[in-house]
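The values are calculated or read from the model by the stated rules, or taken from the named source; none is laboratory data. Values in this document were obtained by computation on a predicted structure and should not be read as measured data. Virtual Cβ from ideal backbone geometry, glycine too; neighbours counted across all protein chains shown.
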């Protein structure tokens with residue numbers, strides 16, 4: 001009997017790694033399976049092989065937009081506006097902030113930048129990708145005037161390079177995501193504004209950041225019912241990981257170490273810090289976003305479309 005093999009692409013940050021190991025088996029940060037039993041799934045996959053593929057979130061956004069070949073992929077909520085005809089959002093696997101989220105930071109000694117009004121000036125800002133939800137939030141916060149004061153002032157780079165770019169003066173400020181939200185002070189940077197807090201103040205809603213999406217054509221390619229089965233299995237994986245939070249968090253530590261090594265900032269993540277980060281972004285809404293999460297996603301996409309920052313999606317079509 002043949003096995004259906006699906007790619008499950010996710011970002012290499014700890015919260016994504018946390019959610020999928022029960023389904024894919026534990027992997028090393030380079031994507032290779034861990035040796036022995038650790039490299040095998042621990043829940044019944046119903047004859048489907050899930051092959052993990054860690055990659056930077058902006059790489060995954062662009063691949064979904066330009067190729068759309070990944071069966072299951074992490075996406076920024078913003079990027080979903082560009083791929084919604086090909087992918088469906090799953091009810092599980094999303095990351096939400098509740099009064100917090102990506103942060104704009106600058107050097108502690110910089111006297112020119114004190115608050116969001118200063119970011120509307122022509123200062124250079126490193127961003128982790130223009131298809132990220134973090135960038136959508138930043139540009140909505142700045143408004144038309146702040147966005148248009150030189151679009152080339154927003155410098156795209158991999159997320160782990162943002163903090164070093166600010167610290168060395170390559171850019172004036174940086175939009176930090178992932179663990180950088182907890183570690184920027186270690187590089188002698190200070191907070192300018194939390195765009196997740198701004199969104200909460202503006203709307204009263206959760207801040208939807210990353211989502212999980214599945215190709216709509218799985219039934220056509222692999223047989224009727226495949227899409228529903230995959231959705232159920234993904235939910236089981238997240239729930240299994242949350243129920244074993246201590247084991248899941250320990251598993252993600254090498255991913256945090258690898259991210260720090262790529263940034264070259266010399267820091268060393270601790271298990272306590274990784275646990276804090278995973279508790280921020282792997283929540284009950286990650287197991288099932290429910291009405292609260294779905295409303296937040298619909299609102300941010302509608303607001304982005306109204307501001308001319310992304311295409312209109314229409315009604316949520318959740319799996």
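At-a-glance table
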read-out: Residue 192 surrounded by 20 or more Cβ atoms within 10 Å (Cβ to Cβ), in a helix (DSSP H, G or I), modelled with pLDDT of 95 or more and over 18 Å from the mean Cα position of the chain (by Cα); value: no
read-out: In segment 201-224, residue nearest to residue 177 (Cα to Cα) [restricted to those that are in contact with a helix residue (DSSP H, G or I) (Cβ under 7 Å, 6 or more places away or on another chain) and surrounded by fewer than 18 Cβ atoms within 10 Å (Cβ to Cβ)]; value: 203
read-out: Subset of segment 310-319 (residues that are more than 25 Å from residue 234 (Cα to Cα) and surrounded by fewer than 17 Cβ atoms within 10 Å (Cβ to Cβ)); value: 311, 312
read-out: Pair list, Cβ < 8 Å and 6+ apart or interchain, from segment 142-169 residues that are under 16 Å from residue 121 (Cβ atoms) to residues that are modelled with pLDDT under 95 and surrounded by fewer than 12 Cβ atoms within 10 Å (Cβ to Cβ); value: 149/122; 150/122; 153/122
read-out: Options 293, 235, 304; residue that is surrounded by 21 or more Cβ atoms within 10 Å (Cβ to Cβ) and over 17 Å from the mean Cα position of the chain (by Cα); value: 304
read-out: Those helices (runs of 4 or more DSSP H) lying entirely in segment 19-135 with at least 3 residues surrounded by fewer than 23 Cβ atoms within 10 Å (Cβ to Cβ) and in the same structural domain as residue 197 (by TED's automatic domain parsing); value: 116-119
read-out: Subset of segment 292-313 [part of a loop (DSSP other than H, G, I, E, B) and in contact (Cβ under 8 Å) with a residue 40 or more places away in the chain]; value: 307, 309, 310, 311, 312, 313
read-out: Residues of segment 198-223 classified as assigned to a helix (DSSP H, G or I), touching a residue at least 60 places away in the same chain (Cβ under 8 Å) and closer than 18 Å to residue 140 by Cβ, total; value: 4
read-out: Residue count for segment 1-16, restricted to those that are part of a helix (DSSP H, G or I) and over 15 Å from residue 246 (Cβ atoms); value: 2
